[in-house]
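Before any comments, here is the structure.
Coordinate-derived values only; no laboratory data. From a predicted model like this one, the values you see are computed outputs, not experimental measurements. Here the Cβ positions follow ideal geometry from the backbone for every residue, glycine too, while neighbour counts run over all protein chains shown.
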């Protein structure tokens, strides 16, 4: 569509306004209720919490009881267990980019170990000249690096592959993703100290939990930007996120970023471990499997409006969502309000953060009629997020992992939002 | 000092190495302990937490019990109260830039109110054409902005003004500062909707707690970059940080960013409220007072090593700290290991974040002898952090607020660190 100059003229069908509207401000949102001047200072304005001293100072704060419903969702564990499964981030209740540590999605293969940091360390061995063990205290002596990065389970959004559109929330469908400010030691420093042999090509990372989760990491990635993370969002890692030390492979599928990291075995070939062959591997339509799929593909999802966040009346709304790419930097997010017939460019928070979630926003005037909201991200690697049909045509009906298809939210005349297939 | 080319050649006295050492990596830190290849996979490597399933998935996670000592510190309230005072961020236990919500410092004037968001709103009145009330739900409809910003109490670091150097930790001395990713509505949008009168110059912001804390904000600042914050570090504001809505004035002294915001009174003159006259005001050496001191000055502090984090043995250490400026962007941080006789440039995380904390790091080889570590920040406004003596000479001995003097940490031959005056 052409650039109309006037931010109030729609740039795409069914009420999408130019992103200039967003950047310039909300002229005419007019959500403030008129007020007589006297009412502003009337005694009736003093509610109970302004009539008596409030609660005490505290050592470690917690959310408001009025936000008690904002919890990880879809906690599902293997039969007979309570810690071997997954929980999801309630994306529809969050804003900005950072995911609070208490709400980062979980995926454990044998629960959350309670590791004593003084009895834990990371061993580097195999095809190295000097096998070494690094205590947690020793890791704190190395130069640290801080980066904001996304982490996404390769099984995220698999709910979109169900034959019929599931009545689930945004977090239930797409909440196996989070973004955090990670601080850790570049793995390259430790490998350099150990002295990698010439024939080394892989690093098999193993966790210290009872599952001994292991994954093979290309040596090139380990030497490039891999981190041994000690801090997440400013504080030490939480137990469910790998305390006291985890591997973090920026942009790669989540389960390669081994939590509770115990061992790095430098090898000349991948281990072909269970969790990189029978699981976390993409089955092609012809029955063969891809070996391997590391970076998570470009993706986006509208977090608001989304199921559970109903529209209360016709008028102006902010469309807000998250976009990311495991291959680089999100360059563009477009939104549609008419099921993909026309598109408007969303505003992206600046500066763009490579290999991180990024927040996008768009202005939309809902006319009270049916609408279908979709977002579509593209990255600097040249990839564009596909439709669900296109994704299925390429990956086949047996596919489960690495789904980056577009999410469509249908809105009915009552303002209720639900997952729909086009 | 000259640039030596070799990152191992000191660039300043008492062991400070060139920041290239830091940027290139830790060649020769050598903290890994040699290990026989057999030991790497020996059965003895399986501790209890790897021998049985771990803990359950959880709705809202909490830190490891091994990090239970990482709490806000120095909780001090007025006599007979438990919520009217301050607690501090334990800076020495944190890394990166973001302060976790649970550890952001507190400063309350009548405790923490537990506000029902459905019964709360923000009134805009006074010198406006249309007095308005914005419910919390209405605020969520406006375009949101996300920014990482510091927030510092103007009383931070006043402990440095004591006649004798106090034996306190970094957090106890400087922990009335934090940084968060804030998401909120630009205040300019709401003022525009209300229609500010031509003679308006100030906005008096008032909180909804029992203290009715109020401060006068220049209209120019309110129209520039002020936010009505709804989210902090991805989730809704915590009660102690102003839930359900707070004012945020980037770079300005903390108590102007009124929590539990209830009222914005547009006026032609400042209110001269208690907390901008008898408190939070700088007394000059001649007995007169400055009217007013809004932006917090350029500042930095080394968080590690710092008191309580002893050096265990001679060798290489990372010096890590925080730098910020309420007038713009930190451009340079220098560190000294010899009490200010010589200086080396620290590495700053990129991209630099204006009006936010920024993490700096430097490499230091401790020779086991006495040392005095200092950091010194400068900003793009042209300001340089002063010594304590220079600060006192300018502000006088009655001064209490806005102390941005350099902090010196003395290190003795046992590796213990303490607050020292030069």
(request) Once the label point is placed 7 Å from Cα along Cβ, list for residue B:414 the distances to the corresponding points in the other copies, in nm, shortest first. (result) 7.2
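Could you give the length gained by full extension between residue A:416 and residue A:389, i.e. 0.36 nm per residue of separation minus their alpha carbon distance, to one decimal place?
Details: separation 27, 0.36 × 27 = 9.72 nm, distance 2.45 nm.
So the extension gain works out to 7.3 nm.
Out of all DSSP beta bridges with both ends in the protein assembly as shown, state the antiparallel percent to the nearest 5.
On the way: 160 of 170 bridges.
Antiparallel bridges: around 95 percent, rounded to the nearest 5.
Please give the direction-averaged projected area of the C-alpha convex hull for region B:139-192, in square nanometres with one decimal.
Details: hull surface 20.9 nm².
One quarter of the hull surface, i.e. the mean projection, equals 5.2 nm².
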(request) Report, in whole Å, the centroid distance computed from the Cα atoms of region A:199-276 and region B:206-285. (result) 45 Å
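Counting only C-alpha contacts under 8 Å and six or more residues apart, can you give the relative contact order of region B:317-422 as a whole percent?
On the way: 205 pairs, mean separation 29.3, N = 106.
Dividing the mean separation by the residue count of region B:317-422 yields 28 percent.
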(request) Take the Cα of residue B:81, step 7 Å along the line toward its Cβ, and report every residue of region B:223-257 whose backbone nitrogen sits under 14 Å from that point. (result) none
(message) I need the inter-copy label distances for residue B:368: point set 7 Å along Cα to C-beta, values in nm with one decimal, smallest first.
(response) 8.3
(message) Per DSSP helix of 4 or more residues, -39500 (n - 2.57); summed, then divided by the residues of chain B. What does that give at 222 nm, rounded to the nearest 500?
(response) -2000 deg cm²/dmol
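Rounded, prolate or oblate: which fits region A:347-422 when a ≥ b ≥ c are the square roots of the eigenvalues of the alpha-carbon gyration tensor, with rounded for a/c under 1.5 and prolate only if a/b beats b/c?
Working: a/c = 2.70, a/b = 1.15, b/c = 2.36.
Oblate shape, in that a/c is at least 1.5 and b/c is the bigger or equal ratio.
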(message) Below 8 Å between Cα atoms, with a sequence gap of 6+, how large is the relative contact order for region A:203-336 in percent?
(response) 22 percent
(message) Quick check on packing: order A:72-82, A:86-96 by the mean number of other C-beta atoms within 10 Å, highest mean leading.
(response) A:86-96, A:72-82
(request) Calculate the mean, over all residues of peptide B:114-120, of how many other protein chain Cβ atoms lie within 10 angstrom of the residue's Cβ. (result) 4
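What average number of partner chain Cβ atoms lie no more than 10 Å from the Cβ of the residues making up A:142-149? Write out the running numbers ahead of the final one.
Details: counts 7, 14, 9, 5, 9, 2, 5, 0.
The per-residue average across the peptide is 6.
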(message) Which order do the peptides B:339-347, B:259-267, A:372-380 come out in when sorted by mean C-beta neighbours inside 10 angstrom, highest first?
(response) B:259-267, A:372-380, B:339-347
(request) Would you mind classifying region B:72-123 by shape? Square roots of the alpha carbon gyration tensor eigenvalues, ordered a ≥ b ≥ c; an a/c under 1.5 is rounded, otherwise it is prolate if a/b is larger than b/c and oblate if not. (result) oblate
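What translational diffusion coefficient, to the nearest whole µm²/s, does region A:189-327 have by Stokes-Einstein, given a Kirkwood radius computed over alpha-carbon pairs, a temperature of 37 °C and 0.692 mPa s viscosity?
Values: Rh = 17.5 Å.
Translational D for this selection: 188 µm²/s.
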(message) Defining a contact as two alpha carbons under 8 Å apart and six or more residues distant in sequence, what relative contact order in percent does region B:366-417 show?
(response) 51 percent
(message) With Kirkwood's inverse mean 1/r over C-alpha pairs for Rh, give me the Rg to Rh ratio of region A:152-223, two decimals please.
(response) 1.14
(request) Could you pull the copy-to-copy label distances for residue A:286, with points set 7 Å along Cα to Cβ, in nm to one decimal and sorted shortest first? (result) 8.8
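May I ask you to derive the FRET efficiency for residue A:291 and residue B:380 from their Cβ-Cβ distance with R0 = 51 Å, giving the value to the nearest 0.05? Don't skip to the answer; put the middle values down first.
Values: r = 50 Å, r/R0 = 0.99.
It comes to 0.50.
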(message) At R0 = 35 Å, how high is the FRET efficiency between residue A:192 and residue A:331 if r is their beta carbon distance? Nearest 0.05 is fine.
(response) 0.55
(request) Name the shape class, rounded, prolate or oblate, that the alpha-carbon gyration tensor gives for the protein assembly as shown, where a ≥ b ≥ c are the square roots of its eigenvalues, rounded holds for a/c under 1.5, and otherwise prolate holds if a/b is larger than b/c and oblate otherwise. (result) oblate
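Using every Cα-Cα pair within chain A, state what percent have a distance larger than 41 Å.
Details: 20185 of 88831 pairs.
It works out to 23 percent of all Cα pairs.
Pulled fully out, how much extra length does the chain show between residue B:272 and residue B:33, if you take 0.36 nm times their separation in residues and subtract their Cα-Cα distance? Working shown, then result.
Values: separation 239, 0.36 × 239 = 86.04 nm, distance 6.30 nm.
Answer, rounded to one decimal: 79.7 nm.
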(message) Within 10 Å of each Cβ in B:127-133, how many Cβ atoms from other chains are there, averaged over the peptide?
(response) 4
